[in-house]
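Quick notes on the structure that follows.
The values are calculated or read from the model by the stated rules, or taken from the named source; none is laboratory data. Please read all numbers here as calculations on a predicted model, not as lab measurements. Glycine also receives a Cβ, built like all others from the backbone with ideal geometry; neighbour counts cover every protein chain displayed.
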Amino acid sequence: MTKAIRIHQTGGPEVLRWEEVEVAKPGAGQVRVRHTAVGVNFIDIYHRSGLYKLPQLPAIIGREAAGVVEEVGPGVTSLQPGDRVTYVDPTGAYAEARLCPADRLVRLPKAIDDVTVAAMMLKGLTAQYLLRRTYRVQPGETLLVHAAAGGVGLILCQWAKHLGAKVIGTVSTDEKAALARAHGCDHPIIYSREHFVERVKELTKGAGVSVAYDSVGRDTFSGSLDCLRPMGMLVLYGQSSGTVAPLDPSVLMAKGSVFLTRPSLVNYTASREDLVNSANELFEVVARGAVKIEVRQKYPLRDAAAAHRDLEARKTTGSSVLLP
């Protein structure tokens with residue numbers, strides 16, 4: 001037996017329960033992983049609240065972790081006991097140990113520690129596809145990053161700056177503005193004091209940004225569209241403030257023939273090749289120091305509810321991890 005955080009019904013942080021669970025021996029193509037660190041992400045809150053449906057309940061939530069291979073099942077030749085590994089899928093990371101499909105595990109480089117990896121995989125792979133595949137950012141372009149001091153935001157700002165872009169970001173406080181600026185955000189906008197659309201127009205001399213990365217959703221969506229240059233792109237990759245109302249496609253034409261996409265990491269890492277290539281590109285920029293991962297909150301795994309409360313209240317900056 002091992003311990004895990006399970007939900008028996010959807011709801012607030014109080015539905016997260018610390019329970020004993022059984023982990024079977026790995027079957028064909030499976031690996032048993034003992035977790036050393038578990039990442040915390042907004043998608044975990046979506047699963048817990050019921051915004052994103054889980055296949056069945058009770059369920060163990062959580063999408064990313066780092067750990068050590070304990071045992072491999074029949075047919076697994078790519079991994080062996082003792083290997084350090086990480087993953088971003090499937091759901092079930094809030095546990096001391098679990099079974100994983102071998103083909104969704106990525107071996108860890110020696111240069112990056114387990115806590116850093118657990119804090120960066122989902123957020124870092126998200127930043128990788130946003131910057132390099134959904135919209136391939138080029139040197140000299142100007143982009144907008146909402147929640148610039150958050151886990152994905154800090155990675156986006158650093159990586160975009162490394163690519164030679166000018167970064168405008170929105171944050172809620174002076175403290176977060178300083179943090180974003182220290183991580184590559186050229187122009188933090190404190191949205192509680194400044195109208196971010198007007199400030200973006202001012203900073204771009206009316207031209208607008210090439211791409212806006214919006215993880216906030218309802219509260220920022222309309223303004224994000226107004227920040228785009230003609231034929232720019234709005235990438236809506238989250239909805240921390242709530243879902244966006246239905247949109248008449250003719251609005252995109254009126255805004256300057258702009259593009260709108262709602263991507264998901266699941267699609268961008270569906271194949272083994274895409275997963276490994278994306279992870280290796282992330283490992284490279286982190287190992288080189290071009291992107292620094294800020295692990296600013298650590299909680300015992302059994303206190304996952306506290307991590308969720310802090311994240312929902314926007315009390316966190318950077319990344320949070322749970323330690324088994």
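In region 151-164, which residue that is buried (at least 24 other Cβ atoms within 10 Å of the Cβ) and of a type in the set (Gly, Ala, Ser) is modelled with the highest pLDDT?
160
Can you tell me which of 296, 314, 262, 288 is in contact with a strand residue (DSSP E or B) (Cβ under 6 Å, 6 or more places away or on another chain), at pLDDT below 95 and surrounded by fewer than 18 Cβ atoms within 10 Å (Cβ to Cβ)? Walk me through it before giving the result.
Working: 314 fails: in contact with a strand residue (DSSP E or B) (Cβ under 6 Å, 6 or more places away or on another chain); 262 fails: at pLDDT below 95; 288 fails: in contact with a strand residue (DSSP E or B) (Cβ under 6 Å, 6 or more places away or on another chain).
Going through 296, 314, 262, 288 in turn, just one is in contact with a strand residue (DSSP E or B) (Cβ under 6 Å, 6 or more places away or on another chain), at pLDDT below 95 and surrounded by fewer than 18 Cβ atoms within 10 Å (Cβ to Cβ): 296.
Please go through region 206-219 and pick out each residue that is at pLDDT 95 or above, assigned to a loop (DSSP other than H, G, I, E, B) and farther than 10 Å from residue 142 by Cβ.
206
Under 6 Å by Cβ, and 6 or more places apart or on different chains, what pairs join a residue from region 60-74 that is in the same structural domain as residue 13 (by TED's automatic domain parsing) and buried (at least 19 other Cβ atoms within 10 Å of the Cβ) with one that is part of a loop (DSSP other than H, G, I, E, B) and aromatic (Phe, Trp, Tyr)?
The qualifying pairs are 61/94; 62/94.
Can you name the residue in region 161-181 that is of a type in the set (A, V, I, L, M) and in contact with a helix residue (DSSP H, G or I) (Cβ under 9 Å, 6 or more places away or on another chain) and is also farthest from residue 285 (Cα to Cα) among such residues? I'd like the intermediate steps shown before the answer.
Initial filter on region 161-181 (of a type in the set (A, V, I, L, M)): 163, 165, 167-168, 171, 177-180.
Next, from what is left, pick out any that are in contact with a helix residue (DSSP H, G or I) (Cβ under 9 Å, 6 or more places away or on another chain): 163, 165, 167-168, 171, 179-180.
Values: 163: 11, 165: 16, 167: 18, 168: 21, 171: 24, 179: 20, 180: 18 Å.
This residue is 171.
Of 109, 139, which residue is farther than 29 Å from residue 206 by Cβ and surrounded by fewer than 16 Cβ atoms within 10 Å (Cβ to Cβ)? Steps first, answer last, please.
Details: 139 fails: farther than 29 Å from residue 206 by Cβ.
Selected residue: 109, the only one of 109, 139 that is farther than 29 Å from residue 206 by Cβ and surrounded by fewer than 16 Cβ atoms within 10 Å (Cβ to Cβ).
Examine region 73-89 for a residue that is farther than 24 Å from residue 286 by Cα, among the hydrophobic types (A, V, I, L, M, F, W, C) and not in a loop (DSSP other than H, G, I, E, B), and state whether such a residue exists.
No, there is no match, as no residue in region 73-89 is farther than 24 Å from residue 286 by Cα, among the hydrophobic types (A, V, I, L, M, F, W, C) and not in a loop (DSSP other than H, G, I, E, B).
Out of region 268-285, which residues are crowded, with 16+ Cβ neighbours inside 10 Å and under 16 Å from residue 113 (Cα atoms)?
279, 282, 283, 285, listed by residue number.
For region 240-252, does any single residue satisfy the condition of being more than 28 Å from residue 47 (Cα to Cα), in contact (Cβ under 8 Å) with a residue 40 or more places away in the chain and not aliphatic (A, V, I, L, M)?
No, region 240-252 has no match at all.
Residues that are without any contact (Cβ under 8 Å) to a residue 60 or more places away in the chain and either farther than 24 Å from residue 67 by Cβ or touching a Lys or Arg at 6+ places or on another chain (Cβ under 6 Å) (or both): find the helices (runs of 4 or more DSSP H) completely inside region 109-200 holding 3 or more of those.
151-162, 174-182
Consider region 49-67. How many of its residues are over 13 Å from residue 93 (Cα atoms) and within 22 Å of the chain's Cα centre (by Cα)? Talk me through it step by step, then tell me what you get.
Taking region 49-67 first, the residues over 13 Å from residue 93 (Cα atoms) are 49-58.
Filter once more, keeping what is within 22 Å of the chain's Cα centre (by Cα): 49-55.
Total satisfying the criteria: 7.
Go through (1) in the same structural domain as residue 165 (by TED's automatic domain parsing); (2) in contact with a Ser or Thr (Cβ under 7 Å, 6 or more places away or on another chain); (3) hydroxyl-bearing (Ser, Thr, Tyr); (4) part of a helix (DSSP H, G or I) one by one and return the number of the condition residue 224 breaks.
Here residue 224 meets the rest and fails (2).
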